[in-house]
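Here is the structure we will look at, set down as structure tokens.
The values are calculated or read from the model by the stated rules, or taken from the named source; none is laboratory data. Note that the coordinates shown come from a computational prediction; the quantities given were computed from them, not determined experimentally. A quick note on method: Cβ atoms are made from the backbone with ideal geometry, for glycine too, and the neighbour counts reach across all protein chains shown.
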Amino acid sequence: MKAEYKHLQAAHCENGVTASLLQHYGVHQITEPLAFGIGSGLFFIYIPFMKVNDGPAISFRTMPGLIFKRTCRSLNISILRQKFLSKEKARQALDNRLLSGHPAACQVGVFYLPYFPKEYRFHFNAHNLIVVGKEGDNYLISDPIMETFATMTSYELERVRFARGPLAPHGQLYYPKEAREVTDEQIKRAIVTGIKRNVRHMLYVPGNIAGISGIRYTAKKIKKWRDTLGLDKSRSYLAQLVRMQEEIGTGGGGFRFIYAAFLQQAYAYHPVDELMDVSQKFTRAGDLWRDAAIQASGIYKGRLTEQQDYNVMGDQLLAIAALEKEAFRELGTIVKRLR
Amino acid sequence: MKQEDIPQDPGALQNFTKEVSYAVDKDGKYVTELSTGWEVKIKALDVAWNDIEKKVADARQKVLNNEASPLLYFMELKLMNIDILSAYTGFWKWQVKRHLKPRIFEKLSDQKLQRYATAFDVTVEDLKNRHWHESGV
């Protein structure tokens, strides 16, 4: 049972799975940046009462699963998403799907993912991949962060599908229900919806931990870390922040560059010059995030140890917050003119 | 980021994959290119692993001093915490905490130990065998 499948490598797993599956099902226009933008993937949140690997819980993107869901909904493609209690049923459902000649996406944990290098195997349960076929006991996997196909035995796949802990996937399986062509008109409208939602999420979420205010909140926290946590702990915290930002498969500058690329591609559908200007602002924001990461690395390498160094990093984040606020404000006004 | 600034530093990704990076070319248009890694990021990962190694070493010492059961060592070695371990084994958190005490651990049945062994991907023998600290399991 080997379905004809074109592997797509992407910067981020969920974008990749979304773009790859939709392309397979006839949406030839979709690209990774479009999937990310239509799914309003850009976000920022610092959850103060939660810990991840003993470090701060910070995310630069929206909740796992939402990019796929929103993109499909915007394009009017119905999807199926299943969770399982029984491992047996989970395997059966996947096998049936493959037997009918169709691929399916799975949410998995990376800790026991056999083809990942050990250094990257943490208990992170929101990785996404596509299962495209089965030969004997081996499943053929199209993992968007890999350059080519990978394989897993049925036991290995079962173990990652039933990884436990935060965001446990519970064997989750999802795919578009049917192949469907999408018109350029639909893409145009989806882009508008995506931008509007993203503006809302970055600017108008109440509270001070999400969106632009979340970045400012983090900046203030960082300035206090040296005093409240001590040198060792704050080094670990900063390293964690950089890892979340530059998380494998976001390729530098985190998601800001992908969003800037999305705005450029949106321009092809909505030829409004200001979109290109805002795209440049996001490129700039991505660059600033990278500068902040370099500053952080000076601290966690032990080269920078003074309070002043933490202040610099905090101020860098404040500058980013101001820039992104401006960019989203502009986007908010532009989007009203898009038809 | 400009295309020519895409970092190409050697790191853990070597011989595994390269990652897609988005950057602008000289006309200001976004393109993708593969990157082998970025030193800043690699160092961040190193920091995380140093922290883990320290925790594993602490756990090992505690077990050797008979302050904790070998489960603590394996829990740290597999980057777990009580929440994750409880989720993998199906024990309640308070039970896991109890099992981390050496005296309670001694009395655990093989059946229960097997649940831990499966979660850690080791054998029951490994859990009971006190020589893991020499062999470096």
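Would you please name the residue that is farthest from the other protein chains (Cβ to nearest Cβ), looking only at residues in region B:82-101 that are touching a helix residue (DSSP H, G or I) at 6+ places or on another chain (Cβ under 8 Å) and surrounded by fewer than 19 Cβ atoms within 10 Å (Cβ to Cβ)?
Here the answer is B:98.
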Exercise for review: Return yes or no: is residue B:58 in contact (Cβ under 8 Å) with a residue 12 or more places away in the chain and more than 8 Å from chain A (Cβ to nearest Cβ)?
Suggested key: yes
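Would you call residue A:235 surrounded by 15 or more Cβ atoms within 10 Å (Cβ to Cβ), assigned to a loop (DSSP other than H, G, I, E, B), charged (D, E, K, R) and at pLDDT below 95? Show your work before the answer.
On the way: surrounded by 15 or more Cβ atoms within 10 Å (Cβ to Cβ): yes; assigned to a loop (DSSP other than H, G, I, E, B): no; charged (D, E, K, R): yes; at pLDDT below 95: yes.
So residue A:235 does not fit the description; no.
Of all residues in region A:282-303 being on the phi < 0 side of the Ramachandran plot and not in a helix (DSSP H, G or I), which is surrounded by the most Cβ atoms within 10 Å (Cβ to Cβ)?
In the first step, residues of region A:282-303 are kept if they are on the phi < 0 side of the Ramachandran plot; the result is A:282-301, A:303.
Imposing the further condition that a residue be not in a helix (DSSP H, G or I) reduces the set to A:301, A:303.
Working: A:301: 16, A:303: 9.
Per the stated criteria, the residue is A:301.
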Exercise for review: Looking only at region A:101-148, count how many residues are more than 8 Å from chain B (Cβ to nearest Cβ), over 15 Å from residue B:16 (Cβ atoms) and assigned to a loop (DSSP other than H, G, I, E, B).
Suggested key: 9
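Give the residues of region A:153-189 that are polar (S, T, N, Q), assigned to a loop (DSSP other than H, G, I, E, B) and in contact (Cβ under 8 Å) with a residue 24 or more places away in the chain, sorted by residue number.
From region A:153-189, those polar (S, T, N, Q) are A:153-154, A:172, A:183, A:186; that's our starting set.
Adding the requirement that they be assigned to a loop (DSSP other than H, G, I, E, B) leaves A:172, A:183.
Once the filter is applied, which keeps residues that are polar (S, T, N, Q), assigned to a loop (DSSP other than H, G, I, E, B) and in contact (Cβ under 8 Å) with a residue 24 or more places away in the chain, region A:153-189 yields only A:172.
Against the condition assigned by TED's automatic domain parsing to the domain that holds residue A:322, surrounded by fewer than 20 Cβ atoms within 10 Å (Cβ to Cβ), closer than 23 Å to residue B:26 by Cβ and hydrophobic (A, V, I, L, M, F, W, C), how does residue A:268 come out, does it pass?
On the way: assigned by TED's automatic domain parsing to the domain that holds residue A:322: yes; surrounded by fewer than 20 Cβ atoms within 10 Å (Cβ to Cβ): yes; closer than 23 Å to residue B:26 by Cβ: yes; hydrophobic (A, V, I, L, M, F, W, C): yes.
Yes.
Tell me the residue from B:32, B:36 that is within 30 Å of residue B:7 (Cα to Cα), buried (at least 18 other Cβ atoms within 10 Å of the Cβ) and either among the hydroxyl-bearing types (Ser, Thr, Tyr) or in contact with a strand residue (DSSP E or B) (Cβ under 8 Å, 6 or more places away or on another chain) (or both), please. Spell out how you get there, then give the answer.
Values: B:36 fails: buried (at least 18 other Cβ atoms within 10 Å of the Cβ).
From the options B:32, B:36, the qualifying one is B:32.
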Exercise for review: Could you pull out the residue among A:222, A:215 that is under 18 Å from the mean Cα position of the chain (by Cα) and more than 10 Å from every other protein chain (Cβ to nearest Cβ)?
Suggested key: A:215
Check your understanding: When residues of region B:71-100 are filtered for being charged (D, E, K, R) and either closer than 17 Å to residue B:118 by Cβ or touching a residue at least 12 places away in the same chain (Cβ under 8 Å) (or both), how many remain?
Key -> 3
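A quick yes/no check of all residues on (1) over 24 Å from residue A:161 (Cα atoms); (2) under 22 Å from the mean Cα position of the chain (by Cα):
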| site | (1), (2) |
| --- | --- |
| B:16 | no, yes |
| B:28 | yes, no |
| B:50 | yes, yes |
| B:77 | no, yes |
| B:83 | no, yes |
| B:100 | yes, yes |
Check your understanding: Within the group A:306, A:274, which residue is surrounded by fewer than 17 Cβ atoms within 10 Å (Cβ to Cβ) and closer than 26 Å to residue B:26 by Cβ?
Key -> A:274
Review point. Restricting the first residue to region A:313-339 and requiring it to be under 12 Å from residue A:199 (Cα atoms), which pairs with a second residue that is in a loop (DSSP other than H, G, I, E, B) meet a Cβ separation below 8 Å and a spacing of at least six or different chains?
Key: A:334/A:272
Check your understanding: So, in region B:1-14, of the ones that are assigned to a loop (DSSP other than H, G, I, E, B), more than 21 Å from the chain's Cα centre (by Cα) and more than 8 Å from chain A (Cβ to nearest Cβ), which residue ends up farthest from residue A:246 (Cα to Cα)?
Key -> B:10
**Study point:** All positions within region A:23-74 that are out of contact with any Ser or Thr (no Cβ under 7 Å at 6 or more places or on another chain), surrounded by 22 or more Cβ atoms within 10 Å (Cβ to Cβ) and in a loop (DSSP other than H, G, I, E, B)
**Key:** A:27, A:30
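Could you run through region A:264-295 and say how many residues are within 9 Å of chain B (Cβ to nearest Cβ) and under 20 Å from residue A:212 (Cβ atoms)? Walk me through how you get there before you give the answer.
Taking region A:264-295 and keeping what is within 9 Å of chain B (Cβ to nearest Cβ), we get A:264-265, A:276, A:279-280, A:283, A:286-287, A:290, A:293-294.
Still in the list and also under 20 Å from residue A:212 (Cβ atoms): A:279-280, A:283, A:286-287, A:290, A:293.
Residues that pass the stated criteria total 7.
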